[in-house]
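FYI, it's all coordinate maths here, none of it is from the lab. Fair warning: this is a prediction, and the values are worked out from it, not measured in the lab. Cβ coordinates were reconstructed from backbone atoms using ideal geometry, including for glycine residues, and neighbour counts include every protein chain displayed.
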Amino acid sequence: MEKICVIGVGYVGLVSGAGLSEFGHDVTCVDIDEVKINLLNDGKIPIYEPGLQSLVESNCRNSNRLHFSIDISKSIKDSSVVFIAVGTPQKKNGKVDLSFIDSAANMIADNINDYKIICTKSTVPVGTGERIEKIILSKNKSTMFDYVSNPEFLREGSAVNDFMIPDRLIIGARTSKAYNIMKNVYRPLYVNETPIMNTSVETAEMIKYAANAFLALKISYINEIANLCEDVGVDVHDVAKAMGQDGRISPKFLHPGPGYGGSCFPKDTLALSHLGKKFNKPLKTIEAAIEVNNNQPMRMIEKLNNLLDNKISGKKVAILGLSFKPKTDDIREATSVKIIPELVRLGVTIHAYDPIAMNNFRNQFPDINYFENWEEAIRDTDACIILTEWNEFRGIDLIKIKSLMSEPVILDAKNILSISKLEELEFKYDNVGRKISL
Ligand code: UDX
């Protein structure tokens, strides 16, 4: 078993650190954010992620294999494998901000005391591995370390499961020594016959971007088809279902909606598009996917306005769902963040409700109205939009909704409600690509 240091206790670092300790390694997660580390040492998890709390608890308390510390230097010195899992935010110009990566690399450069594997999990542009190697080499001999790129494919809301049972493992290593050590780090998966691909560092970096951008492309594609279905009188769900039955296409990521959000797809598509431009190979498909995704939330506002007979100003609108997807409190790049300020600008009074993400949203948007349950949120409103497909909205009581609202008007932007029920109850409604009664 290895002694592992994970730098950065954000989403990826925390899930990976906890997962690696579950595999049997001795893991110390470190961060410059003392508040977060103190919180973790008190047994509290700074993010909402199903299964993470119990995984952290059992590995901290029961087996004592998971630790949290602000002493980054000591933790680097003490470990044989150092994971870099710091944030790689997007700069205003759309490029990736590598300052946290650089500072982690400098910390490593200053504290390497014997041979170590330095492994990046954060999503970084192609060439970042070489950049990190150069920083470490500026102060150390090349025999002191091997660099590895091991991108994560964790979905928020199911990240623990994705870590424990991944579709595949990508290990971008330059030497067989490094590859073998990494294979050992993931031994439980190896035993489970998880496909492991040994690539170059640059290939691993590229795989991550290409995979994420492809999924984003798929979503934008089905959203465009959905928009067209509305005009030609076709239910997009039938189209997506039949498309998905073709093994070459697969049914996943063909669910239309108000556009993709989250911390990955919007940032990664932009970064890949920048990379294309940098090498004079503009990625036109990705650029189109980004454009479609920028327009999709605005289409939802047009739909709502249509439902309200083009008299949106002065109306009360309930928003059900604020997080970028269910089972997370993350609101980064969520459709709600794009739609709500625009509605406010148009003179709409917002009544918002989300089962988990409300506090995060309130911090960013303190001036809208928040309610503790959906019943209170929709009471006396003129329209309601569903923006996140939380389970409690899937089975929502439409009869109750109708009795509480001023007008029974629903925009189901996630296509989760039964059209026949809405018709039966005489709702004025719309959705994305399914309303076939023209
Ligand atoms: C994604 C990737 O799935 C993961 O592999 C990568 O490492 C990180 O980015 P995540 O951002 O957590 O994970 O969420 P994901 O489930 O992929 O959804 C992203 C967005 O796409 C959400 O806003 C979701 O609502 C939207 N989406 C997804 C659709 O609109 N339609 C779909 O069919 C699927």
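Each part reduced to its alpha carbon centroid, region 79-118 and region 310-344 end up 35 Å apart. Relative to the longest principal axis of the Cα atoms of the chain, helix 176-185 runs at roughly 60 degrees. Zone of residue 252 (label point 7 Å along Cα→Cβ, backbone N under 14 Å): which residues in region 178-202? Taking a point 7 Å out along Cα→Cβ of residue 252, the residues of region 178-202 whose backbone N falls under 14 Å are 195.
Note down the net charge around residue 187, summing +1 for each Lys or Arg and -1 for each Asp or Glu among other residues with Cβ under 13 Å from its Cβ. Could the numbers behind the result be given before it?
On the way: positive: 183; negative: 2, 22, 193.
Here the count lands on -2.
Sort 1-7, 93-99 for me by packing, meaning the mean count of neighbouring Cβ atoms within 10 Å per residue, highest on top. Each step should come with its number before you reach the end.
Working: 1-7: 23.4, 93-99: 14.6.
Descending mean neighbour count gives 1-7, 93-99.
Here each label is just a point 7 Å from Cα along the line to Cβ, and for residue 242 and residue 342 those points are 3.1 nm apart. Region 201-232 and region 143-195 have Cα centres spaced 25 Å apart. Summing charges over all other residues whose Cβ lies under 13 Å from the Cβ of residue 10, with Lys and Arg as +1 and Asp and Glu as -1, gives -3.
Which entries of 141/277; 92/134; 325/400; 208/327; 92/311 show an alpha-carbon separation above 31 angstrom in the structure shown?
141/277; 92/311
Full extension of the chain segment joining residue 62 with residue 403 gains 117.7 nm, where the gain is 0.36 nm per residue of separation less the Cα-Cα distance. The mean sequence separation of alpha-carbon pairs under 8 Å and at least six residues apart, normalised by the residue count of region 3-199, gives a relative contact order of 20 percent.
At full extension, residue 113 and residue 184 could sit 23.4 nm farther apart than now, given 0.36 nm per residue minus the alpha carbon distance. Take the Cα of residue 380, go 7 Å toward its beta carbon, and the backbone nitrogen atoms of region 303-345 under 19 Å from that spot belong to 313-320.
Treating r as the C-beta distance of residue 367 and residue 155 and R0 as 25 Å, the FRET efficiency rounds to 0.20. Set the Cα radius of gyration of region 3-199 against 2.2 N^0.38 Å, with N its number of residues, and you get 0.96. Here is the tail figure for region 76-134: Cα pairs spaced more than 13 Å apart come to 60 percent of all pairs. Legend: translational diffusion of the chain by Stokes-Einstein, Rh = Kirkwood radius over C-alpha pairs, 20 °C, 1.002 mPa s; D = 92 µm²/s. Test of understanding: in a Gaussian network model of the chain with alpha carbons linked when under 10 Å, which of 62, 373, 305 would top the mean-square fluctuation ranking? Of 62, 373, 305, the Gaussian network model singles out 62 as fluctuating most.
Taking 426, 49, 375 in turn, the Gaussian network model of the chain (Cα-Cα springs below 10 Å) assigns the largest fluctuation to 426. Evaluate the Kirkwood expression for the hydrodynamic radius of region 213-430, namely the inverse of the mean inverse distance over all pairs of different C-alpha atoms, and round to one decimal in Å. That comes to 18.1 Å for region 213-430. Computed over the alpha carbons of region 233-309, Rg followed by Dmax gives 15.7, 48 Å.
Around residue 316, what is the net charge, scoring Lys/Arg as +1 and Asp/Glu as -1 over all other residues with Cβ under 11 Å from its Cβ? Provide the component values of the computation, followed by the final result.
Values: positive: 315, 379; negative: 380, 382, 407.
Taking every other residue near residue 316 into account, the sum is -1.
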